[in-house]
Amino acid sequence: MPPNFKLQCHFILIFLMALRGESRYLELQETAEYDPFLLFSANLKRDLAGEQPYHRALRCLDMLSLPGQFTFTADRPQLHCAAFFIAEPEEFINIHYDLVSIDCEGGDFLKVFDGWILKGEKFPSSQDHPLPTTERYIDFCESGLSRRSIRSSQNVAMIFFRVHEPGNGFTLTIKTDPNLFPCNVISQTPNGRFTLVVPHQNRNCSFSIIYPVVIKISDLTLGRLHGVQSKKPPAGCGGIGDFVELLGGTGLDPSKMMPLADLCYPFHGAAQVKIGCDNTVVRMVSSGKQVNRVTFEYRQLEPFELENQNGNSIPEFCLSNL
């Protein structure tokens, strides 16, 4: 099965799970008669590279990974709509309102959320995001065009909206800016390599991979002695300052995921683990007293690897649920 098709199927599964749940933040009840994941195609990205700005209609339920200008026009009352935006790991997302024609007094709304929400679970989690949850929402009906441009704090953002009157809607432009020190990231791909650097900042950073994967950590710099410590609850790294933890779960919010392993000490070499969860997170906790860095590779597990739990794996959690 081609990797792009696997990616599309996996995100479709997540959206279907969200559609079956209830959320006080977001309800997606529209039936999609299209493939909202077309823009994840690497070939399409290459084809459109010289044709900016890219234009197309925005759908009631949509996902976009390309900059461009997008217009939503209601053809009937659309009451539960959302669009998810994802950029490269080293990019911020800029959302600019070009034109907005909605009836706020009549119950319409248009809101930006700094991150993603599915079934009430947030990425980044409240523990990892620099803003409190209430400040991560920007409501057009409250701010108007005084906040015409909004920049995300990481490589994902979303809007959700309600438009009652046919013909009303909005146009927005999506651009990206470079992020020199990406902190919270959702990977677009099931395979890759990344270096997470936290330079003298008291913050927590999560790198999310929405696949069961093998992770190989090749370098960890924390400024302490060499070694790797496996998770043995209730003991862990929390008492010694900065550390990296591996998390696994079925939702989006790292704070609600299961801690699987702690890496408490610097090392250079190879530490590999197989994690068969729907979502795998590499999370760095930093005190701000030093420069922390972790380099890792990841690839999606093949079906036969999910069945074979031998080797350095986490068999007691997630694998039995796939």
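The values are calculated or read from the model by the stated rules, or taken from the named source; none is laboratory data. Fair warning: this is a prediction, and the values are worked out from it, not measured in the lab. Cβ coordinates were reconstructed from backbone atoms using ideal geometry, including for glycine residues, and neighbour counts include every protein chain displayed. Just so you know, the surface numbers come from the protein's heavy atoms only, side chains and all, with ligands and any DNA or RNA stripped out. Shrake-Rupley method; radii C 1.70, N 1.55, O 1.52, S 1.80 Å.
Assorted remarks:
- Residues located in the stretch 276-289, provided they are open to solvent by less than 10 Å² (accessible area, probe 1.4 Å) and among the aliphatic types (A, V, I, L, M): V281, V282, M284
- Hey, T189 among the β-branched types (V, I, T), without any contact (Cβ under 8 Å) to a residue 12 or more places away in the chain, open to solvent by 20 Å² or more (accessible area, probe 1.4 Å) and outside any strand (DSSP E or B) or not: no
- For the stretch 112-137, the set of residues classified as modelled with pLDDT of 95 or more and among the hydrophobic types (A, V, I, L, M, F, W, C) consists of V112, F113, W116, F123, listed by residue number.
- Selection over the stretch 113-159 of residues that are touching a helix residue (DSSP H, G or I) at 6+ places or on another chain (Cβ under 8 Å) and open to solvent by less than 10 Å² (accessible area, probe 1.4 Å) gives a count of 6.
- Counted residues, the stretch 121-175 - those being of a type in the set (V, I, T) and closer than 24 Å to P53 by Cα: 6
- Scanning the stretch 250-275 for residues that are surrounded by 22 or more Cβ atoms within 10 Å (Cβ to Cβ), in contact (Cβ under 8 Å) with a residue 40 or more places away in the chain and within 14 Å of S208 (Cα to Cα) yields L252, D253, P254, I275.
- The residue that is nearest to H80 (Cα to Cα), among those in the stretch 106-117 that are outside any loop (DSSP other than H, G, I, E, B) and in contact with a Leu (Cβ under 7 Å, 6 or more places away or on another chain), is I117.
- Some residue of the stretch 134-141 being out of contact with any Pro (no Cβ under 6 Å at 6 or more places or on another chain) and at positive phi: no
- Screening the stretch 121-169 for strands (runs of 3 or more DSSP E) wholly inside it with 1 or more residues that are without any contact (Cβ under 8 Å) to a residue 40 or more places away in the chain returns the ranges 137-139.
- Yes/no for N292 being open to solvent by 10 Å² or more (accessible area, probe 1.4 Å) and either modelled with pLDDT under 70 or touching a Ser or Thr at 6+ places or on another chain (Cβ under 9 Å) (or both): no
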